[in-house]
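One structure below.
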Amino acid sequence: MISFPYDVTEDRTRFQKSVIDGDLGYYDTIARKFIPQETLDSLLENIIPEKEHLLVSENDPRLSQSVNRIRRNLSIYQRNPSDSYAQIFLKYLSNRYLSSIREQKLDAAILYVDVVGSTKLATQLSASELSSLIRVFSQEMSIIISRHGGFVLKYAGDAVIAYFPSSSEFGNATENAVRCGNIMNAIIDQSLNFAFQDFALPPIQVRISIDFGTNEVVFLGPEPDLIGHTITIASKMIRFAKPGHVAIGENAHKQLTEPHTRFIPAGQDIQWEYNDPVTGKIYPIYFSADRK
């Protein structure tokens, strides 16, 4: 099984050591792109999970790093609307991880994050502006996921779907996912929207849903995927999450330490009718209580 940090240069079928124009690096045979060693080192440094998960403070260097990265990428995407190599690389790491445990079961927290009101954004922005916004959003969310011991399962329009394996290296998968969700909201408020102002792009908000359970690693095509009850619940919950909040399922709630101070049960006023296949009763969901 592959663990953190990733020794990607071991994959010699994909990464071929090369020297181009005097730069030492690797040629990615799938992305068909030469990646200088310095660029690869910088990318790995940004995505290696943190041993200690700290809240984002006003003077946190991660905020300035994020703002600078967003500004740089928005400028690049406006000139050349291509996929971010960071996103391609992170999806590759996920495929590599799942391929190492193919046809097995995986206990993991599943996280969905999507942009609120993307249909309205599509009417306000040009196609290139919307594309740039979604690409930058997806890349920043992907980096945060990786920094919290998670993997990007897939990109689906304006949504990113991630999984956080139970790991002896990084502890409680659900705690990692919830911390990741909280940091996502902070980065949206304090970094992404701040940088968007410079490019006359509107501010965005996100919804986040999380649940924990056993998933099956399958190959339904050329790439590995996860299927299971957990993914189904997380996908259904997200439309009930308020902007800037996190919604979690009962199984995730049971995994948390001191959950009652951080999440409150969903009220009777929401139209949640999903039954727990084990109990046959309505599956309980909870909303974060620490954001206004």
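Using only the alpha-carbon atoms of the stretch 232-292 as identical scatterers, what base-10 log of I(q)/I(0) does the Debye formula give at q = 0.19, 0.30 Å⁻¹? After summing over all Cα pairs, the log10 values are -0.69, -1.48. Applying both filters, DSSP loop and at most 14 other Cβ atoms within 10 Å, to the GluC sites (Glu not before Pro) of the stretch 59-166 gives E103.
In this structure the amide hydrogen of L153, modeled in the peptide plane, comes within under 5 Å of the amide hydrogens of I161, A162, Y163, none closer than 5 places in sequence on its chain.
Straight-distance candidates among the lysines for linking to K281, with alpha-carbon spacing under 23 Å and chain neighbours fewer than 8 residues away dropped: K236, K254. Full extension of the chain segment joining Q37 with A156 gains 39.8 nm, where the gain is 0.36 nm per residue of separation less the Cα-Cα distance. For the stretch 135-182, relative contact order (Cα pairs under 8 Å, six or more residues apart, normalised by length) works out to 32 percent.
Between L44 and R72, the simple spin-label model (points 7 angstrom out along Cα→Cβ) gives 1.8 nm. Bridging of K17 to aspartates and glutamates at a Cα separation below 15 Å is possible for D7, D28, E38, D41, once same-chain residues fewer than 8 apart are set aside.
Grouping the Cα pair distances of the chain into 5 Å bins from zero gives a pair-distance distribution of 1, 5, 12, 16, 18, 17, 14, 10, 5, 2, 1, 0, 0 percent in increasing distance order. Across the stretch 248-290, Cα pairs under 8 Å and at least six residues apart give a relative contact order of 54 percent.
With R₀ fixed at 51 Å, the C-beta to C-beta distance from K242 to T29 puts the FRET efficiency at about 0.70. Between Q205 and D189, the modelled labels are 1.2 nm apart [label points 7 Å from Cα along Cα→Cβ]. Label zone (F219, point 7 Å along Cα-to-C-beta; backbone nitrogen cut-off 17 Å) within the stretch 67-108: 92-105. Scanning the chain for long hydrophobic helices, with DSSP H runs required to stretch 20 angstrom or more by C-alpha along their axis and to average at least 0.5 on the Kyte-Doolittle scale, returns 127-147.
The modelled label-to-label distance between S118 and I227, using points 7 Å beyond Cα along the C-beta direction, is 2.3 nm. Kirkwood radius for the stretch 181-225, taken over all pairs of different Cα atoms as the inverse mean of 1/r, rounds to 13.6 Å.
Cβ-Cβ distance of D107 and S18, R₀ of 30 Å, FRET efficiency by 1/(1 + (r/R0)^6): the value works out to about 0.15.
Computed over the chain, the per-residue total of -39500 (n - 2.57) for DSSP H runs of n ≥ 4 gives a 222 nm mean residue ellipticity of -11500 deg cm²/dmol, rounded to 500. Averaged per residue, the stretch 24-150 has 48 square angstrom of accessible surface, using a 1.4 angstrom probe with ligands and nucleic acids left out. The calculated pair-distance distribution of the stretch 90-247 uses every alpha carbon pair, bins of 10 angstrom beginning at 0, and gives 11, 41, 33, 13, 2 percent.
Of the trypsin sites (Lys or Arg not before Pro) found in the stretch 61-119, those in coil by DSSP whose Cβ has at most 10 other Cβ atoms within 10 Å are R102.
Over the chain, Cα pairs under 8 Å with separation of 6+ residues give a relative contact order of 17 percent. The fraction of accessible area contributed by carbon and sulfur in the chain is 50 percent, rounded to a whole number (1.4 Å probe; ligands and nucleic acids excluded).
The values are calculated or read from the model by the stated rules, or taken from the named source; none is laboratory data. Small disclaimer: the values here were computed from a predicted structure and weren't measured. Don't worry about glycine lacking a Cβ; one is built from the backbone with ideal geometry, like all the others, and counts go over all protein chains shown. Ligands, DNA and RNA are stripped out before the accessible areas are found, and what is left, the full protein with its side chains, is counted by its heavy atoms. Shrake-Rupley method; radii C 1.70, N 1.55, O 1.52, S 1.80 Å.
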